[in-house]
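Here is the structure we will look at.
Every number in this text was worked out from the coordinates using simple rules, so none of it is lab data. The shown structure was predicted, so the numbers you read here are calculated from the model rather than taken from an experiment. Backbone-built Cβ (ideal geometry, glycine too); neighbour counts: all protein chains shown.
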Amino acid sequence: MPSELTVNLQVELALRLLLGLVLGAAIGLERELDRQPAGFRTHSLVALGACLFTIVSGYAFLGSGADPTRIAAQIVTGIGFIGAGAVLQYQGHIRGLTTAASLWAVAAIGMTAGAGLYSLAVLGAVLVLVVLSLLDRFEAYARRRMGLPANDDHTHPRGVSPRGSEGHMEDLE
C-alpha cells in the first residue's frame with residue numbers, strides 16, 4: 001500500500017464509500033417500493049462495489065505504472081453482465097430494462113463517489129430518482145391524456161406491478 005494513504009486520506013476514502021452506499025441505497029429503495037426484483041440491497045451493493053473498485057484503481061496501485069482506468073472499464077463490463085440478467089422477455093414483452101438501466105446508473109454514481117466527485121454523485125442520484133419516479137407518473141398522465149393504452153412494459157406507479165401483486169420473477173413462469 002502506498003505511503004501516501006494518511007489517516008486523513010483514509011477517512012476521506014471511507015466517506016466516499018459511505019456516500020456511494022447511501023446514494024445506491026436511495027435509488028434501490030425507490031426500486032424496492034416499486035416492487036422490482038433488483039431493489040434496495042442490489043442497488044446498494046452495486047454502488048458500493050463500483051465505488052470500492054474506483055478507489056482501489058486510484059489509490060492501491062499508485063507509483064506502480066498500472067493504468068487506473070482499466071478497473072473502471074471492467075466495472076462497466078461487469079455491470080453489463082448483471083444488467084443483462086435483469087432483462088427478461090415474456091410473452092413478447094421486455095421486462096426489467098429500467099431496472100438494468102438503474103443498476104448501470106448506480107454503478108456510475110458509485111464510481112463518481114469513489115472518484116471524490118461528491119456533488120456530481122449526489123446530482124446524478126437525484127436525477128436518477130427523478131427519472132424513476134416523476135417521469136413514470138408523467139408518462140402515465142400523458143398516455144391517459146392522449147388516450148393511449150397503459151404501457152405494460154414499463155414500471156407502473158407505486159403499488160401496481162405488471163408482474164402481479166407480489167412483484168417477483170416467479171410470477172412470470
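Table for the structure above
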| quantity | calculated |
| --- | --- |
| Rg to Rh, two decimals, where the stretch 7-172 supplies the alpha carbon set and Rh follows Kirkwood | 1.05 |
| GluC sites (Glu not before Pro) within the stretch 1-85, DSSP loop, no more than 13 other Cβ atoms inside 10 Å | E4 |
| FRET E, pair V87, V131, Förster distance 25 Å, beta-carbon r, rounded to 0.05 | 0.90 |
| Karplus (6.51, -1.76, 1.60) ³J(HN,Hα), θ = phi - 60°, over the stretch 48-59, in Hz, Gly and Pro reported as x | 5, x, 5, 5, 5, 4, 5, 5, 4, 5, x, 10 |
| The stretch 61-122 versus the stretch 13-47: alpha-carbon centroid distance in Å | 13 |
| Cβ-based exposure ranking for V106, V22, in which fewest neighbours within 10 Å come first | V22, V106 |
